[in-house]
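What follows is a set of notes on a single structure, which appears directly below.
The values are calculated or read from the model by the stated rules, or taken from the named source; none is laboratory data. No experiment lies behind these values; they were computed from the predicted model shown. Because the Cβ atoms are built from the backbone with ideal geometry, glycine has one as well, and the counts that use them run over all protein chains shown.
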Amino acid sequence: PPYVLKADGLAAGKGVLILDDIKEAKKELKNMVSGKFGDASATVVIEQFLSGIEVSVFVITDGRNYKILPEAKDYKRIGEGDTGLNTGGMGAISPVAFANRDFMDKVDNQVIIPTIKGLRAEGIDYSGFIFFGIISVKGDPYVIEYNCRMGDPETEVVMPRLKSDLLELFDGIATGTLSERDVQIDPRTATTVMMVSGGYPESYEKGKSISGLRNVEDSIVFHAGTTDEGGMVKTNGGRVLAVTSYGKDMETALKKSYESAGKIEFDKKYIRTDIGFDLIKKPAKAKA
Ligand code: GLY
């Protein structure tokens, strides 16, 4: 224990159960195979439990060469302090302090290079994004998952930090000339805070009028679950808006994201107020 049961199919980031009790785990395994997550859990993977801190690492590759994009950390649980149900993501931060040079060198040598070589060795002609879900266990990287896409809400902090023209990079991918392209990164921190519908990730109401969008000046507001009804922006999903800001550090960027999110209103809006809580530098303890 703990027992990690993971739906082998796509389950919108919600298909993992972590259970301490073997009887409970066996019961849930039966439930999963019988359709708890629909067809996604027809096959279940039982995984080793890894205790550590997660970071999302992204590369683009033309199949031979690759470039590492800014890393990010997302916050998947609905509740403060990473509690409650999994969501599609409640916020994200980039860069991630613990993913320092040493750690990223390990990720590069132990994960990225073998993956790119492995794809070729297996005759898989892959070009595009690779998303490595990494967990740092005592400073060593382990792969939790791969995705053939960017992450959400990581994209809302990774792309704002990419100074290079993304289209140029795509051209490099399409023409096999990625090695000739340059990836320039903005050194500032970017943070995003997700505004969600009350009740999400369980049942929630849609169609709530959103006000205050035009009052936001210092952040970028990405629309996720919204719709335009006769000129009025309304909620149309669980994850409604992502509010991204830059700062010289995480605290400054988060302050702006929260201020901007505070200017936007809709009935039953919910945000996590502790994004980045686990990355905040703790003051050194005074010595007696
Ligand atoms: N934020 C995790 C994902 O996009 O899968």
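The table that follows gives values for the structure above.
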{"item": "Given (1) away from the ligand (no atom under 16 Å from the Cβ); (2) out of contact with any Pro (no Cβ under 6 Å at 6 or more places or on another chain); (3) touching a residue at least 40 places away in the same chain (Cβ under 8 Å), number of the condition residue 107 does not satisfy", "result": "(2)"}
{"item": "Selection status of residue 113, more than 16 Å from the ligand (Cβ to nearest atom) and surrounded by fewer than 18 Cβ atoms within 10 Å (Cβ to Cβ)", "result": "yes"}
{"item": "Hits in segment 153-186 (condition: out of contact with any Asp or Glu (no Cβ under 8 Å at 6 or more places or on another chain), of a type in the set (Asp, Glu) and within 16 Å of the ligand (Cβ to nearest atom))", "result": "156"}
{"item": "Strands (runs of 3 or more DSSP E) contained in segment 39-88 and holding at least 1 residues surrounded by 17 or more Cβ atoms within 10 Å (Cβ to Cβ) and within 11 Å of the chain's Cα centre (by Cα)", "result": "53-61"}
{"item": "Among the residues listed as 31, 65, the single one being farther than 22 Å from residue 152 by Cβ, of a type in the set (S, T, N, Q), without any contact (Cβ under 8 Å) to a residue 24 or more places away in the chain and more than 16 Å from the ligand (Cβ to nearest atom)", "result": "31"}
{"item": "Residue 278 outside any strand (DSSP E or B), at pLDDT below 95 and in contact with a strand residue (DSSP E or B) (Cβ under 8 Å, 6 or more places away or on another chain)", "result": "yes"}
{"item": "Test result for residue 102, more than 16 Å from the ligand (Cβ to nearest atom), at pLDDT 95 or above, more than 22 Å from residue 45 (Cα to Cα) and touching a Gly at 6+ places or on another chain (Cβ under 7 Å)", "result": "no"}
{"item": "Exclusive hit being among the acidic types (Asp, Glu), out of contact with any Leu (no Cβ under 6 Å at 6 or more places or on another chain) and outside any loop (DSSP other than H, G, I, E, B), set 251, 217, 202", "result": "251"}
{"item": "Residue check, residue 192 β-branched (Val, Ile, Thr), within 16 Å of the ligand (Cβ to nearest atom), free of Cβ contacts under 8 Å to residues at least 40 places away in the same chain and surrounded by 19 or more Cβ atoms within 10 Å (Cβ to Cβ)", "result": "no"}
{"item": "Test result for residue 145, acidic (Asp, Glu), in a strand (DSSP E or B) and within 11 Å of the ligand (Cβ to nearest atom)", "result": "yes"}
{"item": "Single condition residue 150 does not satisfy, out of (1) within 11 Å of the ligand (Cβ to nearest atom); (2) at pLDDT 95 or above; (3) part of a strand (DSSP E or B)", "result": "(3)"}
{"item": "Residues of segment 117-130 satisfying the condition of being within 24 Å of the chain's Cα centre (by Cα) and more than 14 Å from residue 173 (Cα to Cα)", "result": "119"}
{"item": "Filtered residue count, segment 79-116, keeping only those that are within 21 Å of residue 253 (Cα to Cα) and aliphatic (A, V, I, L, M)", "result": "6"}
